[in-house]
1. Report Rg(Cα)/(2.2 N^0.38 Å) for segment 90-133, keeping two decimals.
2. Over the C-alpha atoms of segment 81-187, what are the Rg and the largest Cα-to-Cα span, Dmax, in Å?
3. Provide the gained length on full extension for the span S124 to N102, in nm with one decimal, where the gain is 0.36 nm per separating residue minus the Cα-Cα distance.
Amino acid sequence: MKLPTFSLLRLAALALAASAVAAGALAATTAHYFDGDTQRTITLDTSLVAVITPIPETGSAQARSVGEGASPAPLVQLQPANQSVAKGAAGTHISPVYREGNSPAGRLMALPGGVVVKFNPDWSDAQVRAWAQAKGLTVAQRLGTMGNWYLIATAPGSAALELANSLKAGGEVLAAMPNWWKQTAAR
């Protein structure tokens, strides 16, 4: 049975529209962040989510079990995106999962919260904290004694990526990148 020409044109238009939507969906799954001045591409992995369990309070039984004086990092667990998230500790958050680059084999990355920022070496600690306060941001901690690096607090998830890119684009800081959790493999 031969379809009328109008129907073939309609099918072709629908196919073209569907491919445009699919291409847009693919384009929307890639993003970037800056590693210093180098722009890095990341790809959203829609099959996974990261469940971020908060850092235990200092002095709690869980914190003591990690070791005296240790600063325990948040627990990051990957799970299928279509699986419901089990109720965990108070403050548990979900983060999107990205892959480095645009390869399905790229290393998995999640956003437990925070932006690592490098300020002008001439800025004092008081100037950095005043700048952050003026922007409605909170300094979580100064990172080491070399350079002028700080961790700015954010909620886990996309907020960290958005703030890092915004700070870098604003030009007031030397570097700004999300505080990434990256999957590692034992050697």
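What follows draws every value from the coordinates through simple rules; no lab data is involved. Worth saying up front: this structure is predicted, and the values here are computed from it rather than measured.
1. Numbers: Rg = 16.5 Å, N = 44, 2.2 N^0.38 = 9.3 Å.
Relative to the rule-of-thumb radius for its length, segment 90-133 sits at 1.78.
2. Cα-based Rg and Dmax for segment 81-187 come out at 15.8, 49 Å.
3. 4.0 nm
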